[in-house]
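Input: a single structure, listed below in structure tokens.
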Amino acid sequence: MAMTPYKIVPRKVSFDWKGTPPQWIKGEPFVSHLANSTHILLPIVEAWFCQVYKEALPHVTDDKLREDVIAFMRQEAIHGGAHKPLAEHFLKFGMNIAPGVARTQRIVDRLVGDPERIFGLIPVKRLGLGKWWLDTRVGIIAAGEHFTCILGRFILENQELDKLEPDATMLDLLRWHGAEEVEHRAVAFDLYKDMTGAPIAHRVLVLGFILPFLTWYWVESTRYLMSQDPTIAKVPGFFTEWRKASARNIIPSARSLIGASWRFLTPGYNPEHEADTEIALDYLARSPATRRKTAAA
Ligand SMILES: [Fe+2]
Ligand SMILES: [Fe+2]
């Protein structure tokens, strides 16, 4: 029972951050830092995805699904590693975001990091809920991967951003990552379906967990990054800036994200329909980061 009809390929990449400032779209501090929030969260949660999937792998009986899950883990490990150096790079611009990284790590660890305790409190094994907690963490990842696919598709297909002449290396990082999210978009839901059947009531539960978390995270981390940027005198209101930027189609609209949330809950939800693999593979073939690494090899 695997929906990905092709082999998923983990690609090595190389980025040269020398010329990239934190405000990588000139004159767009909000959009730059909204995107920069991924450099804090993704290395943490993508490492966590791999931990949960190591636990889940013994439950996988389908050979193609196991192969897809292993390729997914390899891609996510490379993704996290590609975003991570930016926290240190931003120090050169007077932004110390190490405390924000440590805080996010503590929150993720507390909420979902312990395989023995729900939210670090409820002892699942003692209550006979160990498999339910694993299934639920696999479901949370499936819901999260639905959004990484939606955001990956947006950054990959959006033309408005190019008109603003953004930093080419940062745009390549986001587009390479987005393209691989599109490429492996079916894996997390396949695994969730294989382990639990992905019943709608359980999807409501995992979406009910992830939506408030992501909303809180984006608001808090964007504000935090802007407050650490010495070129920004006053941090503007998050939702006002979101509305203005999404009206210009340089970030996804709230409406499109609500629609995406609803689709995840419908019986006919199929990650295959959420994006176009050809567009992703086309970008991956010409991404400067993958080509640089291929040339070096
Ligand atoms: Fe990723
Ligand atoms: Fe992913």
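Only the coordinates and a few stated rules stand behind these numbers; no lab work does. Here the structure is a predicted model, which means the values were calculated and not measured. Neighbour counts run over all protein chains shown; Cβ positions are idealised from the backbone, glycine included.
What three numbers, in Å, describe the spread of the alpha carbons of the chain along their principal axes, ordered from the longest?
Cα spread of the chain along its principal axes, largest to smallest: 53, 42, 36 Å.
Just subtract the alpha-carbon distance of residue 116 and residue 227 from 0.36 nm times their residue separation and send over the number in nm, one decimal.
Gain on extension, residue 116 to residue 227, equals 36.3 nm.
Take every Cα-Cα pair in the stretch 57-191 and report what % of them are more than 23 Å apart.
50 percent
Tell me the label-point distance for the pair residue 17, residue 248, using the 7 Å Cα-to-Cβ offset, in nm and rounded to one decimal.
Taking the two extended label points, one gets 2.5 nm.
Run the quick spin-label model on residue 258 and residue 292: label points 7 Å from Cα toward the beta carbon, then report their separation in nm to one decimal.
Between residue 258 and residue 292, the label points sit 4.1 nm apart.
Filter the trypsin sites (Lys or Arg not before Pro) in the stretch 91-150 down to the DSSP loop ones having no more than 13 other Cβ atoms within 10 Å, then list what survives.
Here the sparse-neighbourhood loop sites are 125, 126.
Which of 71, 143, 254 moves the most in a Gaussian network model of the chain with Cα springs under 10 Å?
Greatest mean-square fluctuation among the candidates belongs to 254.
Beta carbons within 10 angstrom, averaged per residue: use that to sort the peptides 256-262, 168-174, highest first.
168-174, 256-262
Report the charge-dipole magnitude of the chain in Debye, nearest 20, computed about the Cα centre from +1 at each Lys and Arg Cβ and -1 at each Asp and Glu Cβ.
The dipole of the chain has a size of about 640 debye.
In the Gaussian network model of the chain, springs joining C-alpha atoms below 10 Å, which of 234, 84, 244 carries the largest mean-square fluctuation?
Top of the fluctuation ranking is 234.
Please find, in a Gaussian network model of the chain (springs between Cα atoms separated by less than 10 Å), the residue of 236, 199, 58 whose mean-square fluctuation is greatest.
58
So for the pair residue 168, residue 62, with labels modelled 7 Å out along Cα→Cβ, what separation do we get in nm?
4.1 nm
For the chain, what is the relative contact order in percent, using Cα pairs closer than 8 Å and at least 6 residues apart in sequence?
It comes to 28 percent, rounded to a whole number.
Calculate, in nm to one decimal, what residue 205 and residue 107 gain on full extension: separation in residues at 0.36 nm each, minus their alpha carbon distance.
Contour length minus Cα-Cα distance gives 33.3 nm.
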